[in-house]
Amino acid sequence: VPACKMMGHMVSQILDGTPKTLKVELAGSIRDADPAPLVAAVLDGGLSYRRIGSFTAANAESIAARHGISVSTSSAHDAQEYASAVSIVADNVEVAATLYGTDHAPRIVSLMGYKIDIAPAKCSLVFEYVDAPGRIGVIGTILGEAGVNITTMQIGTKAGEGCALVYINVEGEVDDEVLERLRSAIDLRNLWKIVL
């Protein structure tokens, strides 16, 4: 449930609003579980900025319908190399998560079709760009000059595409000026600041 709430919160920031469609898929060992509590958690995270109130398995789909969100669920046997995973697609934004370790910490294992494996921090930056040498160095320099520390990072690629997705967990203030410097320094497809 916390992983699903986190994913909902993440996609609402990437979309910068409320999706029209939400698909939730349970894979692997949880494929036969009741999806209702997980759907409720995704909606709770995704609509938290609206301060609607608490979502439950019983009321989630009716609240979603009132907000114009069409919800569907599915299951899959294969969670790839993980025992279980939940993936969501909100409009055109895809994210998948699994749980890791004895403390069951949520980890993002796919984002926008890019395979990654990272535990998101409170503040993260996600870059999508045409891959080329030196991009990470430019990002690190700009963040370092702004006093922003990179704590962890994951780079994902898609087969047959020359693009990369970089997920960076950071500590320090990433203000609009820093974001604008990053946008102007690199030929970006997308840059998102995600606060969880």
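Each value in this text was obtained by applying a stated rule to the coordinates, not by laboratory testing. These numbers come from a predicted model, not from an experiment. Neighbour counts run over all protein chains shown; Cβ positions are idealised from the backbone, glycine included.
Annotation for the stretch 75-152: GluC sites (Glu not before Pro) lying in DSSP loop with at most 15 further Cβ atoms inside 10 Å of their Cβ are 81.
Only Lys, Arg, Asp and Glu count, each charged at its Cβ (+1, +1, -1, -1), so figure out the dipole size of the stretch 90-196 about its Cα centre, rounded to 20 debye. Intermediate results must be reported in sequence, preceding the final value.
Details: 9 positive and 15 negative charges, 57 e Å.
Charge dipole of the stretch 90-196: 280 debye, to the nearest 20.
Taken over the chain, the ratio of Cα radius of gyration to 2.2 N^0.38 Å equals 1.05.
Note on the stretch 134-196: Cα Rg divided by 2.2 N^0.38 Å, N the number of residues, gives 1.12. Report Rg/Rh for the stretch 109-167, rounded to two decimals, where Rg is the Cα radius of gyration and Rh the Kirkwood radius. Computed over Cα atoms, the ratio is 0.97. With Cα atoms defining each centre, the stretch 105-134 and the stretch 11-87 are spaced 20 Å apart in the structure. Mean residue ellipticity, 222 nm, helices only, the chain: the sum of -39500 (n - 2.57) across DSSP H runs of n ≥ 4, divided by residue count and rounded to 500, is -8000 deg cm²/dmol.
Taken about its Cα centre, the chain carries a charge dipole of about 340 debye when Lys and Arg each add +1 at the Cβ and Asp and Glu each add -1 at the Cβ.
Quote the relative contact order of the chain in percent (integer), defining contacts as alpha-carbon pairs under 8 Å separated by 6+ residues.
Numbers: 389 pairs, mean separation 41.5, N = 196.
Over the chain, the number comes to 21 percent.
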